[in-house]
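The values are calculated or read from the model by the stated rules, or taken from the named source; none is laboratory data. Computed from a predicted model, the values in this text were never measured in an experiment. Quick reminder, even Gly has a Cβ in these numbers, built from the backbone with ideal geometry, and neighbours come from all protein chains shown. What goes into the accessible areas is simple: the full protein's heavy atoms, side chains included, and nothing from ligands, DNA or RNA. Shrake-Rupley method; radii C 1.70, N 1.55, O 1.52, S 1.80 Å.
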Amino acid sequence: MKIDVLTIFPDMFKGPMETSIIGRAQGKGIVSIQTHDVRDYTDNKHRRVDDTPFGGGAGMVMMAQPFFDALEKILDAKAGEKAPDTRVVLLTPQGKTFDQAKARELSQIPRLVMLCGRYEGIDDRVRQVWVDEELSIGDYVLTGGELAAMVIIDAVVRLLPGALGDESSAEEESFSDGLLEYPQFTKPAQFRGLEVPPVLLSGHHASIRRWRRKESLKRTYQVRPELLKERNFDFDDQVLMAEALQELGH
Ligand SMILES: COc1ccccc1CNc1ccc(C(N)=O)cn1
């Protein structure tokens, strides 16, 4: 998978994208993440990327020309033409909220191009001509799209085959069935007088699976009840949910 990032702060990507899982995935050739400094595509002497907004108002807006020239070069395409296996994503508070389903969808796309805006955003003609999808990582405003891009890259790259060691890839199913994760414990079994739930030390795998599912239902009910609304419970889940509610004192 190839990911190109257009930003005026390429150095922001050095640490997070070259460390641990993401860094190793690049090393293994599973993904290639390349940043492009938008300033390198400016056509003015001072390498300015922003200007005042038409119609007035506070702040500055990023100009369209550097993004157009950068995209035409990176995609080797004229304005508006684009290879079908490429998706251009704009990170913006106005975007559709990113979630695990979107992460899975993006992990199947051979090439992602991510546009990171600063200031009050990017001239809308970039969106009109080049952007396939506007994504937001949540309902809050950041100083730029870079951190949002890194969050999305992290969530996507870890799904690529070979990115995680085999022992970790199993965790994917547990979230993808729409419940929050159950609590995790590791050695020692006693720590500062605090115990590990005995069922987890029992070696009874059916009981362990049952306990975990019930804990997921409890947690989801307490923290994200809306996730349970659209869920159709099979008979076992209904029994577990009833037990969970009892244990929660409902
Ligand atoms: C005022 O900022 C902008 C306005 C328009 C575009 C980009 C920016 C850059 N900032 C961003 C970017 C993304 C997110 C998010 N929630 O994903 C939050 N802030």
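Things to note:
- Only listed residue being on the phi > 0 side of the Ramachandran plot and under 21 Å from the mean Cα position of the chain (by Cα), chosen from Gly29, Gly15, Gly59, Gly55: Gly29
- Figure legend. Inter-residue proximity from the stretch 121-144: first residues within 9 Å of Ala64 (Cβ to Cβ), second residues hydrophobic (A, V, I, L, M, F, W, C) and more than 6 Å from the ligand (Cβ to nearest atom), beta-carbon distance below 6 Å, spacing 6+ or different chains. Indicated pairs: Ile122/Met62; Asp123/Val61; Asp123/Met63; Asp123/Ala64; Arg125/Ala64; Val126/Ala64; Val126/Phe67; Val129/Ala79.
- Residue count, the stretch 195-235 (criterion: acidic (Asp, Glu) and modelled with pLDDT of 95 or more): 3
- For the stretch 5-36, taking the residues that are among the β-branched types (Val, Ile, Thr) and under 14 Å from Gly165 (Cα atoms), the one that is surrounded by the most Cβ atoms within 10 Å (Cβ to Cβ) is identified as Ile22.
- Exclusive hit being over 30 Å from Gly178 (Cβ atoms), small (Gly, Ala, Ser) and modelled with pLDDT under 95, set Ala58, Ala70, Ala64, Ala79: Ala79
Condition check ((1) in contact with a Phe, Trp or Tyr (Cβ under 8 Å, 6 or more places away or on another chain); (2) aliphatic (A, V, I, L, M)) across all residues:
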site	(1), (2)
Asp51	no, no
Gly55	no, no
Phe68	yes, no
Leu75	no, yes
Lys78	no, no
Thr92	no, no
Gly117	no, no
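- Members of the stretch 180-224 found to be of a type in the set (Lys, Arg) and open to solvent by 90 Å² or more (accessible area, probe 1.4 Å), listed by number: Lys187, Arg192, Arg209, Arg210, Arg219, Arg224
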